[in-house]
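Inspection log for the structure reproduced underneath, given as structure tokens.
Values quoted throughout were computed directly from the atomic coordinates according to the rules given, and no laboratory measurement underlies them. Keep in mind it's a predicted model, so treat the numbers as computed, not measured.
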Amino acid sequence: MARYAYILIAVICFALIAPAMWFDLAVARAVLNAELPGDVDKGFNQAEVFAHGVGIFFIGLTVVVVDPKSRRQVVRLWLVTILAGLIVNGIKVQIVRDRPQATDLTKVVSVSETFHGYHFGNWDDQHQAFVSGHTAAAFALAVALTQIYPHARWLFFTFAILAALQRITSHAHYPSDVLGGAGVGLLVAAALYLPSPISRMFDQFEGDENREGNRE
């Protein structure tokens with residue numbers, strides 16, 4: 001996939017946020033009332049590893065140990081996920097939205113009731129639903145891993161999608177939050193991998209490693 005396609009997909013994700021809000025409450029209620037089989041529920045919960053900081057650290061560490069020739073590329077992999085998380089957190093502390101788990105879904109009539117406007121300094125995690133930081137990190141990670149192992153692109157994005165679904169099934173986010181997170185993650189990744197002075201700096205750093213590996 002051309003790297004510019006990530007920007008297009010991100011734009012589509014952002015464009016779908018507003019339409020998705022029509023279904024946010026219905027999905028949240030369906031998830032609340034659903035009883036997934038035990039193994040399926042555990043499977044969704046385990047998918048969070050691909051989106052969590054600790055999991056991402058160990059994934060990068062695995063690349064360093066198993067594939068030493070790609071170890072320098074892990075620097076950009078970690079950086080892109082960290083930046084995605086920081087940007088999302090910057091949004092969260094300004095836009096107040098109740099998480100599904102902190103909302104009485106039997107009483108809420110309109111999705112607008114889950115929002116409480118703009119408030120810089122929104123530090124309460126239960127009111128930081130918009131947007132999903134885990135999803136942003138997962139999609140940024142999927143892009144980064146695809147640059148290292150392009151043949152496994154489908155696998156990495158499958159993991160990212162499962163991680164996004166986990167945020168919904170765990171009552172942490174609404175579908176619109178997840179779409180926003182995916183868009184942020186893809187855009188941040190594109191910014192660090194598309195041709196630019198920053199990406200060329202990383203390309204040179206990573207290329208030096210490849211040349212050293214070839215000499216060895």
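Sequence gap at least 6, Cα distance under 8 Å: using those rules, report the relative contact order of the chain to the nearest whole percent.
Details: 315 pairs, mean separation 71.0, N = 216.
Relative contact order comes out at 33 percent.
Restricting to DSSP H runs of at least four residues, report the calculated mean residue ellipticity at 222 nm for the chain, -39500 (n - 2.57) per run over all residues, nearest 500 deg cm²/dmol.
Working: 8 runs with 144 residues, N = 216.
Dividing the helical sum by the residues of the chain leaves -22500 deg cm²/dmol.
Asp39 to Val64: extension gain in nm, 0.36 nm per residue of separation minus the Cα-Cα distance?
Details: separation 25, 0.36 × 25 = 9.00 nm, distance 3.13 nm.
The Asp39-Val64 span can extend by a further 5.9 nm.
Averaging sequence separations of C-alpha pairs under 8 Å and six or more residues apart, then dividing by the length of the stretch 131-173, give the relative contact order as a whole percent. Numbers along the way, then the final one.
Working: 28 pairs, mean separation 20.2, N = 43.
Dividing the mean separation by the residue count of the stretch 131-173 yields 47 percent.
Going by a ≥ b ≥ c, the root eigenvalues of the Cα gyration tensor, does the stretch 148-199 fall in the rounded group (a/c under 1.5), the prolate group (a/b larger than b/c) or the oblate group? All intermediate terms of the calculation are to be shown ahead of the outcome.
Details: a/c = 4.20, a/b = 1.59, b/c = 2.64.
The shape class here is oblate.
Roughly speaking, what is the stretch gain from Met201 to Phe23, that is 0.36 nm per residue apart minus the C-alpha to C-alpha distance, in nm to one decimal?
Working: separation 178, 0.36 × 178 = 64.08 nm, distance 4.30 nm.
Taking 0.36 nm per residue and subtracting the Cα distance, the gain is 59.8 nm.
What do you get for Rg/Rh over the stretch 78-216 if you use C-alpha atoms and the Kirkwood form of Rh? Please report the intermediate quantities before stating the final value.
Working: Rg = 18.0 Å, Rh = 16.3 Å.
Dividing the radius of gyration by the Kirkwood radius yields 1.10.
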